[in-house]
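Here is the structure we will look at, set down as structure tokens.
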Amino acid sequence: MTILSVLFAAFLPFQCHAAPVKDQCVICHATLGDSHQAILKSFSRDIHREVGLSCSSCHGGDSSSDDAGQAMGAEAGFVGAPTRAETPKFCGKCHSDPSAMKKYNPSLSVDQEVKYFTSVHGKKLQAGDSKVAVCTSCHTSHSIRPAKDPSSTVYSKNIPQTCGKCHSDAKLMGSYKLPADQVAKYTGSVHGKALLERGDTAAPVCNTCHGNHGAVPPGVENIGHVCGMCHAHNEEFFKAGPMAKAWEKRKFHICSTCHNHHDIQHPTPALLSSDNGVCRKCHLAGSAQSKAAGAMKAKVDEIEGSYKAAEKSILTAEEKGLDMAEARDLWDSARMSLFQAKTAVHAFRPEKVAEAADPGIEATAKARKSADEAVHEFGQRRVGLGIASLFLTLLALGLYLKVRDLESGQG
Amino acid sequence: MKALYDAGLDWLDERLQVRKAIEWASHKHVPVHQGSFFYYAGGVCLFIFGLQVFTGILLLMYYRVGADSSYESVRYISSKVSYGWLIRSVHSWAANIMVLFIFIHMFSVFLMKAFRKPRELTWMTGCGLLGLTMAFGFSGYLLPWNELAYFATKVGTDIIGQVPLVGHWLLRLVRGGEEVTGATLSRFFGLHVAILPALLSGLIGIHLGFVQIQGMAHVDDAPKTMPFFPNFMLRDAVLWLLVLNVIAILAVFFPWELGKKADALASAPAGIKPEWYFLAQYQFLKVLPARILLIPGELWGIIVLNGAGVLWLFAPFWEAALPESMKDTVVKLVGWGGLAGLAAMTLWGHLS
């Protein structure tokens, strides 16, 4: 068994890398059972191993000595495995040291540890709570991959699952009086679907809004800014509009009051419905504000309807092989108007929505007219072809009969 | 009506001796047999050439050559100009049908052994006409400056670059530089609307002149003949009308697509292929191994294709030198074998 284990260690993939040829840590720990071998196997693909670091780079000790006491002795600087409370500082030995990081990845920031201690996780750890997330909770201990690597636990598509390890644990979250449905809600949200179903890695994920190393829940005062990182115009319209002060006074979350937070759905004009839209949460039916919401909804409905109708007409024409480039250009400009109209809703002024939507409605009308005319002309082409074809056929037949007549005369 | 026709003819005859020309044409005879249909193929080519000149001149009124204007002007022709879509589609479809009829005409002449003495030069001018028509097709294909045309021209001109010794020089000459650019477009335009029409018109004149001087082959040994004028001419006209009808139907039901504008920085669309009449040669070059006897496979391919072309051009001479007993068999083998080979490679290229 020992011989087999030594052979196993000798043929581990990381033996091929640039690490010291004789690493006594590997040779000995490969003989210590499955859990040790699993660590060695995991570490063979770890980014630290790939850049030439070995066990002793983090855990200290003398990796050249085959004497366990000497190799893992205090004199050799052996520190062993850190506790959870020790982990941030343990990793920070290098990750908070610019000169150490320059050797391996100069572009990587060195503020993770500092940020971590500003996070809820870090603060609780400092307060003596060892259940909170530390570096290894998200990055793993020995299978660490760069965030851009799809196999990494912190790759954008894997983040909901990584955060969900704790935040979907109802028992653990219950002890902090926190809900455990965020990941489930996110998965069904417009952002979650974009990331997890369509594979759009530009879609926001947990750390986009909460930060990663400095993870905190965005407060009332800055949630708008968090959403505004991507939805800048919406934030701008909202803050310049009549609602901002009222929202501030009532301590409303500026985006999530209407759109929720983890389960944000694709917004439809129905949100503005004067009967059961989100505005009715505060405004009475028949009030001026409710009517304004209805007017904005009507305008967004109008541009959406004309946009879809124009697309249908263009597709019908394109299916017939007709060139619809100009109509497509108009349709594209209407698409921009549609986005702008939906964004202008956040100004809560119907005239702003109309100002954005009207050019698009005009463009879609032109595009639709152009496509419908082309389809009509296509129909006329067939009629024209039928007439021309009949004429040519009759002419050919006449000529043929003339030849027959001529040849019968010639005998 | 007849009196008016006779008066008109008399008026022309007094000035141009038209009756003499009609008299001369009516003495020319065309053999009548099972394969007589193929005699009409040459006339169809001539008719389509006329159609191409007509539609080409109409397109020229709106087409503006240039990397920034070619695509836009063709789009304008297709979508804005009255009947522009029809003229463009007819021009594109007719070009393809013209090449098809040239192949039919050429192989029927070969298999009917109409290339034999004294018609060697008629055959050779006919081969020249095929070459010029294919050059017409190749140069015209680039003019809309769309994505497919751009990459097809890039691949096609890359092959020219493989010619030993002068390949690179030829490539630069054809492209007007190292790459396919607006300079290539200008060259192809000049070739398509000035140089090739002049050459093709002249060579058609010579080809027809030879046909008139020598008359039709096998007239003397045919069991039956018909006068060229008016019988054959009228039958020719019937076929022209039918071909025009087919082109019109294709143009209306399958309008020639324009696609995306050429973009040198974009990656080539998947499965890009040349026009069908270059597909056999393209497929042949594609399937050759990278190297044969240390020489690039493509170079071997070019040598083989050019060798076959030269043999085809000089068929009347090497065939005449064959023993009498072998002549018919060799013509049948080469003709049908060549046709089957071209068809098989084209089909392979189309399906792969």
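General remarks:
- Residue count, the range B:200-237 (criterion: away from every other protein chain (no Cβ under 14 Å) and more than 26 Å from the chain's Cα centre (by Cα)): 5
- Enumeration of residues in the range A:33-50 that are under 18 Å from A:ALA147 (Cα atoms) and in a helix (DSSP H, G or I): A:SER42, A:PHE43, A:ILE47, A:HIS48, A:ARG49, A:GLU50
- A:VAL300 satisfies every condition listed in (1) aliphatic (A, V, I, L, M); (2) crowded, with 16+ Cβ neighbours inside 10 Å; (3) within 24 Å of B:GLU257 (Cβ to Cβ) except (3).
- Pairs meeting the criteria (first residue in the range A:308-328 and within 13 Å of A:ALA363 (Cβ to Cβ), second residue not in a helix (DSSP H, G or I), beta carbons under 7 Å, at least 6 apart or on different chains) are A:ILE314/A:MET324.
- For the range A:367-411, filtered to residues that are of a type in the set (Lys, Arg) and within 11 Å of chain B (Cβ to nearest Cβ), the residue that is surrounded by the most Cβ atoms within 10 Å (Cβ to Cβ) is A:ARG381.
- Scanning the range B:253-287 for residues that are in contact with a helix residue (DSSP H, G or I) (Cβ under 9 Å, 6 or more places away or on another chain), surrounded by fewer than 17 Cβ atoms within 10 Å (Cβ to Cβ) and not charged (D, E, K, R) gives B:PHE253, B:PHE254, B:GLY259, B:ALA264, B:ALA266, B:ALA268, B:PRO269, B:ILE272, B:TRP276, B:VAL287.
- Single unsatisfied condition, B:PRO31 versus (1) assigned to a helix (DSSP H, G or I); (2) touching a residue at least 12 places away in the same chain (Cβ under 8 Å): (1)
- The residues in the range B:135-175 that are closer than 25 Å to B:ILE295 by Cα and among the acidic types (Asp, Glu) can be counted, and the count is 1.
- Number of residues in the range A:309-354 that are surrounded by 18 or more Cβ atoms within 10 Å (Cβ to Cβ), under 20 Å from B:LYS80 (Cα atoms), hydrophobic (A, V, I, L, M, F, W, C) and more than 14 Å from every other protein chain (Cβ to nearest Cβ) equals 2.
- Scanning the range A:280-324 for residues being hydrophobic (A, V, I, L, M, F, W, C) and touching a Ser or Thr at 6+ places or on another chain (Cβ under 6 Å) gives a total of 2.
- Some residue of the range A:147-154 being in contact with a helix residue (DSSP H, G or I) (Cβ under 7 Å, 6 or more places away or on another chain) and small (Gly, Ala, Ser): yes
- Test: residue in the range B:160-179 that is touching a residue at least 24 places away in the same chain (Cβ under 8 Å), of a type in the set (Val, Ile, Thr) and either under 30 Å from B:VAL30 (Cα atoms) or touching a Lys or Arg at 6+ places or on another chain (Cβ under 6 Å) (or both): no
- Some residue of the range B:53-63 being at pLDDT 95 or above, over 30 Å from B:PHE317 (Cβ atoms) and of a type in the set (S, T, N, Q): yes
- For A:LYS281: the one exception among (1) surrounded by fewer than 16 Cβ atoms within 10 Å (Cβ to Cβ); (2) within 28 Å of the chain's Cα centre (by Cα); (3) among the basic types (Lys, Arg): (2)
- Boolean, A:LEU196 is over 15 Å from the mean Cα position of the chain (by Cα) and surrounded by 15 or more Cβ atoms within 10 Å (Cβ to Cβ): no
- Boolean, A:GLY199 is in contact (Cβ under 8 Å) with a residue 12 or more places away in the chain and on the phi < 0 side of the Ramachandran plot: no
- Residue count for the range B:244-275 under the criterion of being in a helix (DSSP H, G or I) and touching a Leu at 6+ places or on another chain (Cβ under 9 Å): the result is 8.
- Filtering B:VAL304, B:VAL310 for residues that are surrounded by fewer than 15 Cβ atoms within 10 Å (Cβ to Cβ) and modelled with pLDDT of 95 or more leaves a single hit, B:VAL310.
- Every residue from the range B:34-51 that is under 21 Å from B:GLY190 (Cα atoms) and without any contact (Cβ under 8 Å) to a residue 60 or more places away in the chain: B:GLY50
- Considering the range A:203-277, the qualifying helices (runs of 4 or more DSSP H), each wholly inside and each with 1 or more residues that are under 15 Å from the mean Cα position of the chain (by Cα), run over A:206-210, A:223-228.
- Wholly enclosed helices (runs of 4 or more DSSP H) of the range A:73-190 bearing at least 2 residues of a type in the set (S, T, N, Q): A:135-139, A:159-167, A:182-187
- The numbered conditions (1) among the charged types (D, E, K, R); (2) surrounded by 14 or more Cβ atoms within 10 Å (Cβ to Cβ); (3) within 14 Å of chain A (Cβ to nearest Cβ) are all true for B:ARG187 except (3).
- Restricted to the range B:288-321, and to residues there that are in contact with a helix residue (DSSP H, G or I) (Cβ under 6 Å, 6 or more places away or on another chain) and part of a loop (DSSP other than H, G, I, E, B), the residue that is farthest from B:ARG116 (Cα to Cα) is B:ALA290.
- The residues on offer are A:GLY241, A:GLY224, A:GLY277, and the sole one that is in contact (Cβ under 8 Å) with a residue 60 or more places away in the chain and outside the structural domain of A:ALA194 (by TED's automatic domain parsing) is A:GLY241.
- Selection of the range B:285-299 for residues being over 27 Å from the mean Cα position of the chain (by Cα) and at negative phi yields B:PRO289, B:ALA290, B:ARG291, B:ILE292, B:ILE295, B:PRO296, B:GLY297.
- Filter result (within 33 Å of the chain's Cα centre (by Cα) and either surrounded by fewer than 17 Cβ atoms within 10 Å (Cβ to Cβ) or under 11 Å from A:TYR307 (Cβ atoms) (or both)) within the range A:355-366: A:GLU355, A:ALA357, A:ASP358, A:PRO359, A:GLY360, A:ILE361, A:ALA363, A:THR364
The values are calculated or read from the model by the stated rules, or taken from the named source; none is laboratory data. Fair warning: this is a prediction, and the values are worked out from it, not measured in the lab. Please note: Cβ atoms are built from the backbone with ideal geometry, for glycine as well, and neighbour counts cover all protein chains shown.
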